[in-house]
1. With N set to the number of residues, divide the alpha-carbon radius of gyration of segment 77-154 by 2.2 N^0.38 Å and report two decimals.
2. Let me check I have the definition right: for segment 153-303, take the eigenvalues of the Cα gyration tensor, multiply each by 5, take square roots. What are those semi-axes in whole Å, largest first?
3. Gain in length, Arg276 to Leu319, computed as 0.36 nm per residue apart minus the alpha-carbon separation, to one decimal in nm?
4. When all C-alpha to C-alpha distances in segment 69-112 are sorted into bins of 10 Å, what percent of pairs does each bin hold, rounded to whole numbers?
5. Suppose the Debye formula is applied to equal point scatterers at every Cα of segment 7-144; what is log10 I(q)/I(0) at q = 0.22 Å⁻¹?
6. Using only the Cα atoms of segment 153-220, what are the Rg and Dmax in Å?
7. Under the definition of Cα pairs under 8 Å and six or more residues apart, what whole-number percent is the relative contact order of the chain?
8. For segment 1-81, place one equal point scatterer on every Cα, skip the solvent, and apply the Debye formula. What is log10 of I(q)/I(0) at q = 0.22, 0.23, 0.27 Å⁻¹?
Amino acid sequence: MFVAPGGDRAIADAVRARDLPMVEARTTLGACVMASVTGELGEAPGVAVTPFCAGVLGGAACAARRRAPVLLLTEHHADASTLAPHVKATLDVSPESAGHWIAHASRLAMTEPRGPVHLTLARGVAGAAALPVAASCRPDPTPAPVTLDAAAAAIRAAARPVVVAGRGCRADAAPWLRAFAESLPAPVLVTSQGKGVLADPHPLALGMLARDHPLLARADLIFALGADGDEVGPGAWPDGARLFEVVGDPALVLAELAERLRGDRRADWDVAELDRIKRGLLAAPAPLRQIVSIVRDATPVGTRATADLPIASLWQAVLPGDYLADPDTPGFAIAAAIAASLIDPARRAVAFTDAHGLAAVEAELATAEALGATVVVVVMGEDGVSSPDELRRAFDSGWRSARVSVVRARVAGPGLYRATIAGSNRSTT
């Protein structure tokens, strides 16, 4: 549970009295983002206790975009309806109904499509005794897909199929997707939240889904798995493309398709052509490519990247959850990195942000210090860092000198001249 300043203290006191894990966040937005990320990476919804303010609106919008299961607990407010576009439901909790509605909210947040649920409490309700009730928090099961035979027929008929993996493809789907892509064989494109379901270094991992991706012009079938319309966005599919979208649990879908396609003829992709396309994408110019590449090379295996900048195509992910991003929420990167380090303390986290993102949640750096989180924040801007060698040394020093460090990196231009690290009450240049 993440409690923001102004959140209901009675809830915080009750959580502390039962020795449940709780984090005192410094900002409302930070509390909401951290709760959302713990919901994404964990086995249960995240929880944020906050006042009703602009920060909870931004946090709810972020969770809705990412389909993150999170419970947002606020006081009653006349403007609660402004959250309606971003939450699956708003539920009023009373002492008599608390057990029922909180269990229902947990189940609703985790049921596909996942998302935030808003719980409101009148003043004084949190301190009252709740009425014990029998309730289930298990999410509703995902309906079994009814298009598997049609999907198998479409794949059999395709000579050059392309698989598109979205955020619905989680860790349990990763081994199935790899086996499926290799057996066809078919190249795989991913959305931002699908990164890592097939490791980026894999020869069949051809990068991010984009309307102008050269692979789509050659494909005679686009097989979309776990990618919903909000994630893909309008105009993502090229005109005239044959599209087959499967709704259902991706791991189950791929297991069933494996049985149906066993022994069928293989697709007709030219391996050399796929290699040329991949090499061309990796060589394409990008303003942040050098900085991201240096940081990636300097990080240990298993490091997670979080970002509120558009760098999805630049970070090499090897596992689901290796890359977490929301460019529409300044401050997401830092808060998400802290949450990721809480979920798995053994894995380091690096946050890519800019001056706006740093300003939005800079107070949460103190939260990270208090928690002992191992986080390095790379702040892109015009007034900092460094030649490639200097940046590499600065980043390595950031890992070694402090649990929470800030590395300022200049975005563009040949005159890169200075690397600065700030952390643990000291600064070195």
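1. Dividing the Cα radius of gyration by 2.2 N^0.38 Å gives 1.50.
2. Equivalent ellipsoid semi-axes, largest first: 25, 18, 16 Å.
3. Working: separation 43, 0.36 × 43 = 15.48 nm, distance 2.42 nm.
Full extension from Arg276 to Leu319 adds 13.1 nm.
4. 25, 58, 18
5. Per q value, in the given order, log10 I(q)/I(0) is -1.53.
6. Just the Cα atoms of segment 153-220 yield Rg and Dmax of 11.4, 30 Å.
7. Across the chain, relative contact order equals 12 percent.
8. Summing over Cα pairs of segment 1-81 leads to -0.96, -1.04, -1.32.
The values are calculated or read from the model by the stated rules, or taken from the named source; none is laboratory data. Just so it is clear, the structure is predicted and the values come from calculations on it, not from any experiment. As a convention, Cβ positions derive from the backbone with ideal geometry for all residues, glycine included, and neighbour counts pool all protein chains shown. The area values use the complete protein model at the heavy-atom level, side chains included, leaving out ligands, DNA and RNA. Shrake-Rupley method; radii C 1.70, N 1.55, O 1.52, S 1.80 Å.
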